[in-house]
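Q: Structure incoming, see below.
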Amino acid sequence: MMGLGMRFRALVAAVGMLFLAVTVDAVAETKVNSVRLWRAPDNTRLVFDLTGPVQHSVFTLSAPDRLVIDINGASLGAPLNVNTSNTPITAMRSAQRTPTDLRVVIDLKKAVTPKSFSLAPNAQYGNRLVVDLFDNPADAAPPPAPTPSVATVPAVPVTPTEPAIKLPPAPAGKRDIIVVIDAGHGGEDPGASGSRGQREKDVVLQIARETQRQVNGMKGFRAELTRTGDYFIPLRGRTEIARKKGADLFVSIHADAAPSAAAFGASVFALSDRGATSETARWLADSENRSDLIGGAGNVSLDDKDRMLAGVLLDLSMTASLTSSLNVGQKVLSNIGRVTPLHKQRVEQAGFMVLKSPDIPSILVETGFISNANEASKLAASSHQQALARSISSGVRQFFQQNPPPGTYIAWLRDSGKIAQGPRDHRVSPGETLAMIAVRYQVSPAAVRSANNLSSDELKIGQHLTIPGNDLAAKE
Ligand SMILES: [Zn+2]
């Protein structure tokens, strides 16, 4: 027979086991293993890496400003360390509110407007919780100073010994042609990756920046970037930026990946009028469009009405800009073909979301296959990046010299006969000097000398000179 003490001990053991069972049951199954951060011009994105799906809620507190993130069914797997410089965040703390609920508190310099969403696992990452901290408009920094006007960009002289060419002064009110350059992917979306860890998002941003620098060096042109750092912009956000900046052309820069590591070569895409023109193009369009989900899930303004309206506009005015897209695409492609092998000899067409601006000619340049080890190391080399950027900027210039939008400086140049289409013949008149002829045709004296194998500047009346094509890339 059991004594009272014995019974009590048995009861304690039973209760203990019961309690243990409850505790085991209640321990959070999901771990929060790390946090990553990206700062964009108007928001800060936090991405929490999780071992499984969670429920969550986000709210703000004031005086002092804080953001609270409650992650249900989770506990901390590792300390949350992240560099918060240049963000509104001053500190990040966490505590287990209940055995199953983790609370993360973010201390802020100023109030923010949060948006949050969960992401399912993809090829690179597992489950994630994304929290975007949007700067409040009142706090927003003043817009950055406009790109330096062309006059302040130092010209690269054609030859160091010759005086700079004097282009005719631009008449007042003649605007620049605006080229919006879009570096694909960014932030949480790394794009394709190379065997040595090269990431598409980094390589294409470098090429985009170099292309911007070169286009800004061409008189009558101005280049703007959709993203200027390592953060994500949804695909439709990119075309919106292009429209807000008044783009005459949209150029999206990417690097390919293919299931076969042997695939190589650059390609240029324009939007297809009726779906993709090849299986490869369709496969590619799918994988590029898929990245929109990374931003799209949290973007509440992306609704069906926008899509439908875009579809209607597309039908109305796509044809004209598609013709331009194919034209500029072909010029860029033939320039690229001089610096790197081509994947396809002609401009391909596919249903890339980012090309769906009905009113802005748009092309997508796949600069090479980052999945190919040889091309991946080329793409990461600054000399090759410069060559690719030169191909893009040259193709863009050639297109607009033939098709300048009305009201632009380039249109004015063409209409006043100041755009040379290529080498011409000039017959020397009495009183003309080589320097005068050079100025008249907007080329350097050295170029005239070299085109005619002249050893001195002495000319004979009636002599025929070959005038080389002038280079509008050279600035005053
Ligand atoms: Zn891409």
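Q: Largest first, how would 128, 243 line up by accessible area (1.4 Å probe)?
A: Correct descending sequence by accessible area is 243, 128.
Q: Please give the solvent-accessible surface of residue 201 in Å², to the nearest 10, using a probe radius of 1.4 Å with every protein chain present.
A: Accessible area of residue 201: about 10 Å².
Q: Next question. Mind grabbing the accessible area of residue 414 for me, 1.4 Å probe, Å², rounded to tens?
A: 100 Å²
Q: May I ask you to give the percent of accessible area on the range 28-135 that is carbon plus sulfur, with a probe radius of 1.4 Å?
A: After summing per-atom areas, the C and S share lands at 50 percent.
Q: Spin-label point model (7 Å from Cα, Cβ direction): what's the residue 125 to residue 435 distance in nm?
A: Here the answer is 6.3 nm between the modelled labels.
Q: Measure up 109/244; 109/219; 110/244; 110/245; 109/378 against 32 Å on the Cα-Cα distance and list the ones that go over.
A: Those over the limit are 109/219; 109/378.
Q: Then there's this: Tell me, what is the FRET efficiency for residue 86 and residue 359 to the nearest 0.05, using R0 = 45 angstrom and their Cβ-Cβ distance as r?
A: After rounding, the FRET efficiency stands at 0.80.
Q: Just to be sure I understand the model, the point goes 7 Å from the Cα along the line to the Cβ. What's the resulting residue 33 to residue 98 distance in nm?
A: Distance between label points: 2.7 nm.
Q: Please calculate how many Å² of accessible area the range 28-135 carries per residue, with a 1.4 Å probe and no DNA, RNA or ligand atoms counted.
A: Values: 5020 Å² over 108 residues.
Ligands and nucleic acids excluded, the result is 46 Å² per residue.
Q: Between residue 110 and residue 415, what is the FRET efficiency for a Förster distance of 35 Å, r being their Cβ-Cβ separation, to the nearest 0.05?
A: Using R0 = 35 Å, I get an efficiency of 0.10.
Q: What list of ³J(HN,Hα) couplings, whole Hz, do you get for the range 432-440 from phi and the Karplus terms 6.51, -1.76, 1.60, once you set θ to phi - 60° and write x for glycine and proline?
A: 3J(HN,Hα) across the range 432-440, in whole Hz: 7, 10, 4, 4, 5, 5, 4, 5, 4.
Q: With all protein chains present and a 1.4 Å probe, how do 441, 125 order by accessible area, largest first?
A: Details: 441 35, 125 65 Å².
Greatest to least solvent exposure: 125, 441.
Q: Here's a follow-up. Which ³J(HN,Hα) values, rounded to whole Hz and listed in residue order, are derived for the range 181-191 from phi using the Karplus coefficients 6.51, -1.76 and 1.60 in 6.51 cos²θ - 1.76 cosθ + 1.60 with θ = phi - 60°, glycine and proline given as x?
A: 9, 10, 7, x, 6, x, x, 4, 9, x, x
Q: For the range 39-140, how big is the tail of P(r) above 16 Å, as a whole percent of Cα pairs?
A: On the way: 2960 of 5151 pairs.
Tail fraction, whole percent: 57.
The values are calculated or read from the model by the stated rules, or taken from the named source; none is laboratory data. Everything quoted here is computed from the prediction, not taken from an experiment. Using ideal geometry, Cβ is built from the backbone for each residue, glycine included, and neighbour counts are taken over all protein chains shown. For the accessible areas, the whole protein counts, side chains as well, though only heavy atoms, and no ligand, DNA or RNA atoms are used. Shrake-Rupley method; radii C 1.70, N 1.55, O 1.52, S 1.80 Å.
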